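Structure first, then comments.
The values are calculated or read from the model by the stated rules, or taken from the named source; none is laboratory data. These numbers come from a predicted model, not from an experiment. Cβ placement follows ideal geometry from the backbone for every residue including glycine, while neighbour counts extend to all protein chains displayed. For accessibility, only protein heavy atoms count, side chains too; no ligands or nucleic acids. Shrake-Rupley method; radii C 1.70, N 1.55, O 1.52, S 1.80 Å.
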Amino acid sequence: MLELKNIVFEVPVDEHSSKTKRIIDDLSLTIEDGKFTVITGPNGGGKSTLAKLIMGIEQPTSGTILFNGEDVTHASITERANLGIGYGFQQPARFKGMKVKKLLELAAGKRLPALQCNEYLSKVGLCSAAYLTREVDKSLSGGEVKRIEIATMLARDPKLAIYDEPEAGIDLWSFDRLTETFRDIHEARDDRSIVIISHQERIIQLADDIVCLRDGRIEDAGPRDEIMPKLGLADRAQFGCTLTTPTELHLTKIPTTC
Ligand SMILES: Nc1ncnc2c1ncn2[C@@H]1O[C@H](COP(=O)(O)OP(=O)(O)OP(=O)(O)O)[C@@H](O)[C@H]1O
Ligand SMILES: [Mg+2]
């Protein structure tokens, strides 16, 4: 279980000023084991910052983070990774000189047979034969790097996996495969928690719980059936519209409801 208690994250307004700007504002949230939680909300609401605070990439100004009862507020990224927290970046890094197979093995912490690598890559819609020996460098497209990072998260299999906009840069056809993968992980593993930061209705629909974040604060949170109607997505499904673009969701739905 992950518990965030009264988390505040402030940054200087500019490098010459002692004034600060609050990015995360006294936020408290509990993620239960085995839950699939989607964090959504407008651009700049603080979603990625929150994920970085959980992973230890940023340190909170105040507040406490507990993971399975252990205080990890000041733990390093490596310590948190060893405890079982994993984070898939909104914009994944590239690693010149590193082959895809090696990256998967580093994530898994062991050598992997080709068959196992195939399985991870096919879950993100990539053909193993074409990618295993590719370098994770600039020659890969944005969508390919994103999918490879999701595959490394599958190989790592953390107790708490945080995916930051996994849909970003993924084409519609591969997106279907990806949503199936997230659903399968959730159904197969009730000892694992998944947090997905997303604007996509298809992903939001998979959630047990939805959290709406705006201006660094939780605007609304609760079980999917309670929160989804407030997002105004149910009406769209009724009209056969299953995909909502981020822009539509943000401009026409969230501001008026949550
Ligand atoms: N280190 C920092 N210094 C200054 N401003 C920051 C810093 N980190 C985050 N911010 C600002 O905090 C706000 C929240 O950023 P964040 O990346 O968490 O938003 P987000 O909800 O993930 O948005 P998006 O949906 O666009 O990905 C933004 O306005 C961002 O510019
Ligand atoms: Mg973000």
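Here is a yes/no grid of residues against (1) in a loop (DSSP other than H, G, I, E, B); (2) within 13 Å of ligand 1 (Cβ to nearest atom); (3) open to solvent by 50 Å² or more (accessible area, probe 1.4 Å):
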residue: Ser18; (1), (2), (3): yes, no, yes
residue: Arg22; (1), (2), (3): no, yes, yes
residue: Ile65; (1), (2), (3): no, no, no
residue: Thr73; (1), (2), (3): yes, no, no
residue: Asn82; (1), (2), (3): no, no, yes
>> One residue is enough: does region 190-211 have a residue meeting the conditions modelled with pLDDT under 90 and either under 14 Å from the mean Cα position of the chain (by Cα) or not aromatic (Phe, Trp, Tyr) (or both)?
In response: yes
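Among the listed residues Gly41, Gly88, Gly97, which satisfies the condition of being on the phi > 0 side of the Ramachandran plot, within 16 Å of ligand 1 (Cβ to nearest atom) and in contact with a strand residue (DSSP E or B) (Cβ under 7 Å, 6 or more places away or on another chain)?
Numbers: Gly88 fails: on the phi > 0 side of the Ramachandran plot; Gly97 fails: within 16 Å of ligand 1 (Cβ to nearest atom).
Going through Gly41, Gly88, Gly97 in turn, the sole match is Gly41.
Results for (1) open to solvent by 10 Å² or more (accessible area, probe 1.4 Å); (2) assigned to a helix (DSSP H, G or I); (3) within 16 Å of ligand 1 (Cβ to nearest atom); (4) out of contact with any helix residue (DSSP H, G or I) (no Cβ under 7 Å at 6 or more places or on another chain), shown as yes or no for each residue.
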| position | (1), (2), (3), (4) |
| --- | --- |
| Asp25 | yes, no, yes, yes |
| Leu29 | yes, no, yes, yes |
| Gly45 | no, no, yes, yes |
| Ser48 | yes, yes, yes, yes |
| Ala51 | no, yes, yes, yes |
>> Any residue in region 42-62 that is closer than 16 Å to Val195 by Cβ and at pLDDT 95 or above sitting within a Cβ distance under 6 Å of a residue that is among the charged types (D, E, K, R) and within 8 Å of ligand 2 (Cβ to nearest atom)? List the pairs, counting only those 6 or more apart or interchain.
In response: Ser48/Asp164; Ala51/Asp164
>> Step by step: first the residues of region 78-93, then only those that are within 16 Å of ligand 2 (Cβ to nearest atom) and touching a helix residue (DSSP H, G or I) at 6+ places or on another chain (Cβ under 8 Å), then the one that is farthest from Ile162 (Cα to Cα). Which residue is that?
In response: Pro92
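For region 173-183, enumerate the residues that are in contact (Cβ under 8 Å) with a residue 40 or more places away in the chain and farther than 20 Å from Phe89 by Cβ.
So the first thing to find is which residues in region 173-183 are in contact (Cβ under 8 Å) with a residue 40 or more places away in the chain, and the list is 173-174, 177-178, 181-182.
Within region 173-183, Trp173, Arg177 qualify.
Within the group Ile203, Ile170, Ile197, Ile218, which residue is touching a residue at least 12 places away in the same chain (Cβ under 8 Å), of a type outside the set (S, T, N, Q), out of contact with any helix residue (DSSP H, G or I) (no Cβ under 7 Å at 6 or more places or on another chain) and within 16 Å of ligand 1 (Cβ to nearest atom)? Walk me through how you get there before you give the answer.
Details: Ile203 fails: out of contact with any helix residue (DSSP H, G or I) (no Cβ under 7 Å at 6 or more places or on another chain); Ile170 fails: out of contact with any helix residue (DSSP H, G or I) (no Cβ under 7 Å at 6 or more places or on another chain); Ile197 fails: out of contact with any helix residue (DSSP H, G or I) (no Cβ under 7 Å at 6 or more places or on another chain).
None of the others qualify; the one that does is Ile218.
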> For Val13, are the conditions met, namely being more than 27 Å from Ser141 (Cα to Cα), within 16 Å of ligand 1 (Cβ to nearest atom) and at pLDDT below 95?
Replying inline: yes
> Any idea how many residues of region 123-137 are within 15 Å of Asp171 (Cα to Cα), in contact (Cβ under 8 Å) with a residue 40 or more places away in the chain and in a loop (DSSP other than H, G, I, E, B)?
Replying inline: 2
> Exactly one of (1) within 13 Å of ligand 2 (Cβ to nearest atom); (2) in a strand (DSSP E or B); (3) open to solvent by 60 Å² or more (accessible area, probe 1.4 Å) is unmet by Lys96. Its number?
Replying inline: (1)
